[in-house]
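The values are calculated or read from the model by the stated rules, or taken from the named source; none is laboratory data. Owing to the predicted nature of the structure, the values given are computational and were not obtained by experimental measurement. A quick note on method: Cβ atoms are made from the backbone with ideal geometry, for glycine too, and the neighbour counts reach across all protein chains shown.
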Amino acid sequence: MVRSAIAPSADAQKSCIFWLEQYFEKYGDHKPNADQINLQILTKKEVYEKYTFDFKSKNNENIVPIKKFYELWSVLFPKSRIKPWCDIPGKCDICAAIDKGRRINHSDPVVLEKFKEAHLLHRGGTV
């Protein structure tokens, strides 16, 4: 219902919503004890730049403006958040290496996918 109200019939908005769903599923860390997805990026603008790059590389002209992108994200995906960076002196060396690698290679989808798998395996999950 909310999706229909915010994106009544615009193809660009529908494509953006689908892209956001796929992005959060692929690159987000699902917290084990909460209904929340954390993203290891610095800003929402970086996600918007990835979105525009993906659509321009497919020769798709239906790109939503940045304000609409932020609105779609905040209204439809409120549980997908940017993980705040914190410099904890006693942080595990492996966690720190994964965190650093994600921040350095934040635009390479294959590398981000592998860091997501490494993070999941390190905290005791399965891929």
Residue 9 passes all but one of the listed conditions (1) surrounded by 12 or more Cβ atoms within 10 Å (Cβ to Cβ); (2) farther than 23 Å from residue 122 by Cα; (3) at pLDDT below 80; (4) out of contact with any Lys or Arg (no Cβ under 8 Å at 6 or more places or on another chain); the exception is number (1)
Neighbours by Cβ (under 7 Å, 6+ apart or cross-chain): first from the range 15-40, among the small types (Gly, Ala, Ser); second in a strand (DSSP E or B): 28/37; 28/38; 28/39; 28/80
Scan the range 67-99 for residues that are in a helix (DSSP H, G or I), modelled with pLDDT under 80 and surrounded by 15 or more Cβ atoms within 10 Å (Cβ to Cβ) and report the count. 2
Extreme residue, farthest from the chain's Cα centre (by Cα), among residues of the range 100-113 that are modelled with pLDDT of 75 or more and surrounded by 15 or more Cβ atoms within 10 Å (Cβ to Cβ): 101
Residue that is modelled with the lowest pLDDT [pool: residues in the range 39-57 that are surrounded by 14 or more Cβ atoms within 10 Å (Cβ to Cβ) and among the hydrophobic types (A, V, I, L, M, F, W, C)]: 41
